[in-house]
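Let me begin by presenting the structure, written as structure tokens, before commenting on it.
The values are calculated or read from the model by the stated rules, or taken from the named source; none is laboratory data. Predicted model, so just to flag it, every value in this text is computed and none were measured. Every residue, glycine as well, gets a Cβ built from its backbone with ideal geometry; the counts of neighbours run over all protein chains shown.
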Amino acid sequence: MRRSFFGAAALLGSAGAALAQSAEELPPGQPHPWQIDLQEAVSPIQSQIHWFSNYTLWFIVPITILVAALLVYVIVRFAEHRNPTPSRTSHNTVIEVIWTVAPVLVLVCLAIPSFQLLTAQYNPPREPEMTVKATGYQWYWEYEYQPAALPEPGAETPPNVSFGSYPLGEDDREASGKVDRVLYPHLLAVDQELVVPVDTEIRLLSTSADVIHSFAMPSMGVKVDSIPGRINEYFFNPQREGIFYGQCSELCGQSHYNMPIAIRVVSKEQFQQWYTAAGTDLAGANAQLNASIETARGGVAVAAR
Ligand SMILES: [Cu+2]
């Protein structure tokens, strides 16, 4: 796993490494206690974001150290008692050229990979294989799947899969079988996750039905505003099966704190089965999906883990 601790290690030394180790035992795709680094990347874009974040630290840390050192030097060396008659110098061409050119070079070095990352975020490497629309409501999400292919002329239109995804109430844990607080964390778990297949280029359409929300999934590098009357497009490609968590990231009212986003990434076969069944019987499709995940794990029930 790629974990880098330039900034953190500089500040906290070995404590950072110890915290990273304990965090690794917890599942990815959710925040961990005392976490100081970005969430583990489960999509190519998030890996690129990690790289860029670490790359930027190579500039930030030396500049901060240099400026702090210069300040200390000036305070000590040019204190009144050491330097009673200050110099009246007002121009120094060499220094002026350096302090203009150096920041320009730093900015160029930051701008090029930054624009490359921005371009990559909006230009998936291949045509998206499926589309999901996420609509923000005060205070829950609604997901709608666009059928993979248009039906043949005359053929029956496949049923539309769409559902609301509400925060999981503490009282509903038993009934929904989501008692494991590690797998279904407090204030992040939902009653119905957005189910997507692994290793698939997914187009996300984000909009809102009332106020501005923002669909954010840190481990997949997703953060896209949901604006009423507009549709914002984004892409993600989950590389690992599991349940991953995010939250609405635009202050949207009294229950903004409890507007979680949960994405359940399953195998392509499991997704196909679930999707076919979900059009007519969502509860049955979910039961079937849980059963197949359970079988794949060798009989360890998701809920009982
Ligand atoms: Cu919101």
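Could you figure out which of (1) buried (at least 16 other Cβ atoms within 10 Å of the Cβ); (2) assigned to a loop (DSSP other than H, G, I, E, B); (3) touching a residue at least 12 places away in the same chain (Cβ under 8 Å); (4) not hydrophobic (A, V, I, L, M, F, W, C) isn't true of His32?
So His32 meets the others, but not (3).
Kindly list the number of the only condition in (1) in a loop (DSSP other than H, G, I, E, B); (2) touching a residue at least 60 places away in the same chain (Cβ under 8 Å); (3) within 13 Å of the ligand (Cβ to nearest atom); (4) closer than 22 Å to Gln39 by Cβ that fails for Pro185.
Failing condition for Pro185: (3).
Looking at Phe244, Phe235, Phe215, which one is assigned by TED's automatic domain parsing to the domain that holds Gln270, over 20 Å from Arg181 (Cα atoms), more than 16 Å from the ligand (Cβ to nearest atom) and crowded, with 17+ Cβ neighbours inside 10 Å? Quick ask: steps written out before the conclusion?
Values: Phe244 fails: over 20 Å from Arg181 (Cα atoms); Phe215 fails: more than 16 Å from the ligand (Cβ to nearest atom).
Among Phe244, Phe235, Phe215, only Phe235 is assigned by TED's automatic domain parsing to the domain that holds Gln270, over 20 Å from Arg181 (Cα atoms), more than 16 Å from the ligand (Cβ to nearest atom) and crowded, with 17+ Cβ neighbours inside 10 Å.
So that you can scan it fast, the table gives a plain yes or no per residue for (1) free of Cβ contacts under 8 Å to residues at least 40 places away in the same chain; (2) part of a helix (DSSP H, G or I); (3) surrounded by 10 or more Cβ atoms within 10 Å (Cβ to Cβ); (4) aromatic (Phe, Trp, Tyr):
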| position | (1), (2), (3), (4) |
| --- | --- |
| Pro27 | no, no, yes, no |
| Gln46 | no, yes, yes, no |
| Asn54 | no, yes, yes, no |
| Ile60 | no, yes, yes, no |
| Val74 | yes, yes, yes, no |
| His81 | yes, no, no, no |
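Could you tell me which of the residues Thr295, Thr207 is within 16 Å of the ligand (Cβ to nearest atom) and either modelled with pLDDT under 90 or outside any loop (DSSP other than H, G, I, E, B) (or both)?
On the way: Thr295 fails: within 16 Å of the ligand (Cβ to nearest atom).
None of the other options fit; the residue is Thr207.
For segment 94-107, indicate whether the set of residues that are acidic (Asp, Glu), assigned to a loop (DSSP other than H, G, I, E, B) and free of Cβ contacts under 8 Å to residues at least 12 places away in the same chain is non-empty. Reasoning before the result, please.
In the first step, residues of segment 94-107 are kept if they are acidic (Asp, Glu); the result is 96.
From what's left, assigned to a loop (DSSP other than H, G, I, E, B): none.
No, that holds for no residue.
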